[in-house]
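Here the structure is laid out as structure tokens; the discussion comes afterwards.
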């Protein structure tokens, strides 16, 4: 974990409610795909955990949805600095991907898959990405994933763009060696039931500290109690207690 | 002796700053951020006889100027604390630690306290009779002077180390409970644990916290904590540890003027993992500005009238 003051270099809307913020500041440690940052917002007491979309030695990109008081305040910030805690959580394990992994993102679960796709492609993997949204208006990052060299499918629940239905529609006829996913809980549980291979899930929980101190985000797994913020947010399929 | 030194129940502390139980794990988690030997001591995670997972999630909610938590005493159980957590702590912390004990019966408090009392690393036993997030234990012992006195007496009978009773603010007369603890042999009092509260999600109309209620902490509770520390410190002769919403060195001075011998810092650690280190570093400058030579001189230094 690292605490740093980062400069807001960009904060722009990608859709009506989703924003992309670029932060400049030194990252002493390499930030792993699937890790998150915990952002201090002036008017709130607790920090807000947001997944990392992309990062290098001196920048971090986050994508967030302005839904609550904190994220709405964040969306209004045009310049200045942010106090953030970085390299939080375990991140995705790339070593298990096999040659042709599929990355499945739903809504604001899409961003952490970007850095993951980038690094898997750099390793020479054939990456397929499925991006699920409710409607055409909510879509973001389709072109960015294509630019990395990934094969991209977009699904919309209302059929206004791409494949009509949930992400599992795009998944059912696909061949893949492994999967990585992040998104809303009903989507994750559907992926849990409808995938034939092993894979990794990035989960969400209300957090107190984000670095393992308060036990606010604990969950039970097959290998004991884990903190979503510390041992997670990424969990392997075999560790989850999701059988009904 | 340095200007920040205080004496807590016969043990010298380099400074009065003590991270509060439940916000500092078993200590070694924070050693990855800074050398925790700069602390006066710290109070480790509330420990029970059996391992506990605690309450279902969500356990945390934002509030104005603070937070609610309903963790529900998640801990690995006293045997694992002794066999695994304390050895890990020994690698990074060379001072005496405060052992925080909780339970669901008098026998459990006695059992856990007697085991931890034998540990050389433990300096004080802090008995939590004030957890608002468990049913049938915790706070139910801390809301009645007779029960609080009984637990105190029972724990004192099986321990050799100073016993500090941690009190709940969710009571009508905290002074009577503090006095009952003192009368039954307590060596110190710590207060306040969290104030019971709740929040409702407007869209789902459900409580944000799955346990429905949670304990309020953070700067919002500071004036309430200060008032209770003031009342208790003026009613008992044993040392009082003040806590509740402390976030900076000025808060420490204020809490000590109200009557605290030392302070615990809780929620601030969760927002800023370096909070206690920063407070310790700020203290000398704040004392200079106030013309205070030694911090131990200000305990109970409030001037009335």
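When DSSP beta bridges are limited to those with both residues in chain A, what percentage is antiparallel, rounded to the nearest 5? Don't skip to the end; give the middle numbers.
Working: 37 of 58 bridges.
Approximately 65 percent, going by the DSSP bridge assignments.
Provide the FRET efficiency to the nearest 0.05 for the residue A:193-residue B:37 pair, computing r from the beta carbons and using R0 = 51 Å. Mind showing how you got there, number by number?
On the way: r = 50 Å, r/R0 = 0.99.
The formula returns an efficiency of 0.50 here.
Quick one: compute the contact order of chain A, relative version, from alpha carbon pairs under 8 angstrom and 6+ residues apart, as a percent.
Working: 579 pairs, mean separation 42.7, N = 244.
Reported as a whole number, the value is 17 percent.
Beyond 20 Å, what share of the Cα-Cα pairs of the range A:94-202 remains, rounded to the nearest whole percent?
Numbers: 1768 of 5886 pairs.
Value for the range A:94-202: 30 percent of Cα pairs lie more than 20 Å apart.
Rg to Rh ratio, the range B:141-288, alpha-carbon atoms and Kirkwood radius? Before the final figure, lay out each step's value.
Working: Rg = 16.8 Å, Rh = 16.4 Å.
For the range B:141-288, the value is 1.02.
Take chain A, connect every pair of alpha-carbon atoms lying under 10 Å apart with a spring to form a Gaussian network, then pick out the residue of A:91, A:124, A:70 with the largest mean-square fluctuation.
So, out of A:91, A:124, A:70, the one fluctuating most is A:124.
Taking R0 as 56 Å, what's the FRET efficiency between residue A:177 and residue B:281 from their Cβ-Cβ distance, rounded to 0.05? Could you put the intermediate results ahead of the total?
Working: r = 52 Å, r/R0 = 0.92.
Approximately 0.60, to the nearest 0.05.
In whole Å, what is the distance between the alpha-carbon centres of the range B:84-157 and the range A:24-96?
38 Å
Cα axis of helix A:185-194 to longest principal axis of chain A: angle in degrees, 0 to 90, nearest 10?
30 degrees
Taking only the C-alpha atoms, wrap a convex hull around chain B and report its volume per residue in Å³ as a whole number.
128 Å³
How do the peptides A:59-65, B:28-34 rank, highest first, by the average count of neighbouring beta carbon atoms within 10 Å per residue? Write down the numbers at each step before the final one.
On the way: A:59-65: 20.9, B:28-34: 17.7.
Those peptides, ordered most packed to least, come out A:59-65, B:28-34.
Using the basic label-point model (7 angstrom from Cα toward the beta carbon), what is the residue B:92 to residue A:43 distance in nanometres?
Here the modelled spin labels are 3.6 nm apart.
Once you have the Kirkwood Rh of the range A:2-88 from its Cα pairs, apply Stokes-Einstein at 25 °C and 0.890 mPa s and quote D in µm²/s. Before the final figure, lay out the partial values.
Details: Rh = 12.7 Å.
Using the Kirkwood radius from Cα pairs, D works out to 193 µm²/s.
Determine, for each peptide in B:285-294, B:139-148, A:11-20, the mean count of other beta carbons within 10 angstrom over its residues, then list the peptides with the highest first.
Working: B:285-294: 12.8, B:139-148: 20.2, A:11-20: 15.9.
So the order, starting with the most tightly packed, is B:139-148, A:11-20, B:285-294.
Pull up the DSSP beta bridges for chain B and report the antiparallel fraction as a percent, rounded to 5. Please list the in-between numbers first.
Working: 15 of 38 bridges.
DSSP beta bridges in chain B are roughly 40 percent antiparallel.
Just to be sure I understand the model, the point goes 7 Å from the Cα along the line to the Cβ. What's the resulting residue B:160 to residue A:17 distance in nm?
6.2 nm
Just subtract the alpha-carbon distance of residue B:290 and residue B:213 from 0.36 nm times their residue separation and send over the number in nm, one decimal.
On the way: separation 77, 0.36 × 77 = 27.72 nm, distance 4.03 nm.
23.7 nm is the gain from fully extending residue B:290 to residue B:213.
Just need the Rg to Rh number for the range B:124-196, please, alpha carbons only, Kirkwood Rh.
Working: Rg = 10.9 Å, Rh = 11.7 Å.
Checking Rg against Rh, the ratio lands at 0.93.
Taking only C-alpha pairs under 8 Å that are 6+ residues apart, what is the relative contact order of chain B in percent?
20 percent
Relative contact order for the range A:94-202 using alpha-carbon pairs under 8 Å, separation at least 6, rounded to a whole percent? Provide the component values of the computation, followed by the final result.
On the way: 217 pairs, mean separation 32.5, N = 109.
Relative contact order for the range A:94-202 comes out at 30 percent.
Once each part is reduced to its C-alpha centroid, what is the distance from the range B:261-305 to the range A:148-207 in angstrom?
The two parts, judged by their Cα centres, are 52 Å apart.
Can you compute the FRET efficiency between residue A:79 and residue A:57 using 1/(1 + (r/R0)^6), with r the Cβ-Cβ distance and R0 = 22 Å? Round to the nearest 0.05.
Details: r = 22 Å, r/R0 = 1.01.
The pair residue A:79/residue A:57 has a calculated efficiency of 0.50.
If you take every DSSP beta bridge whose two residues both sit in the range A:147-244, what share of them, in percent to the nearest 5, is antiparallel? Let's see the in-between values first.
Values: 7 of 13 bridges.
The answer is about 55 percent antiparallel.
What 222 nm value per residue comes from the helices of chain A, counting each DSSP H run with n ≥ 4 as -39,500 (n - 2.57) and dividing by all residues, nearest 500 deg cm²/dmol?
On the way: 5 runs with 41 residues, N = 244.
The helix contribution divided over chain A gives -4500 deg cm²/dmol.
With 10 Å bins from zero, work out the P(r) of the protein assembly as shown over every alpha carbon pair and list the percent per bin.
All Cα pairs, binned at 10 Å, distribute as 4, 18, 26, 23, 15, 9, 4, 0, 0 percent.
What distance in nm lies between label points placed 7 Å from Cα along the C-beta direction at residue A:236 and residue A:137?
For the pair residue A:236/residue A:137, the computed spacing is 4.3 nm.
Within 10 Å of each Cβ in B:26-32, how many Cβ atoms from other chains are there, averaged over the peptide? Intermediate values should be presented prior to the final figure.
Details: counts 0, 0, 0, 6, 3, 0, 3.
Other-chain Cβ atoms within 10 Å of each residue's Cβ, averaged: 2.
What does a probe at residue A:147 reach in the range A:2-45, counting residues whose amide N is under 16 Å from the point 7 Å along Cα→Cβ?
A:10-15, A:20-23
Values quoted throughout were computed directly from the atomic coordinates according to the rules given, and no laboratory measurement underlies them. Note that this is a predicted model, so its numbers are computed, not measured. Note that we place each Cβ from the backbone using ideal geometry, even for glycine, and neighbour counts take in every protein chain shown.
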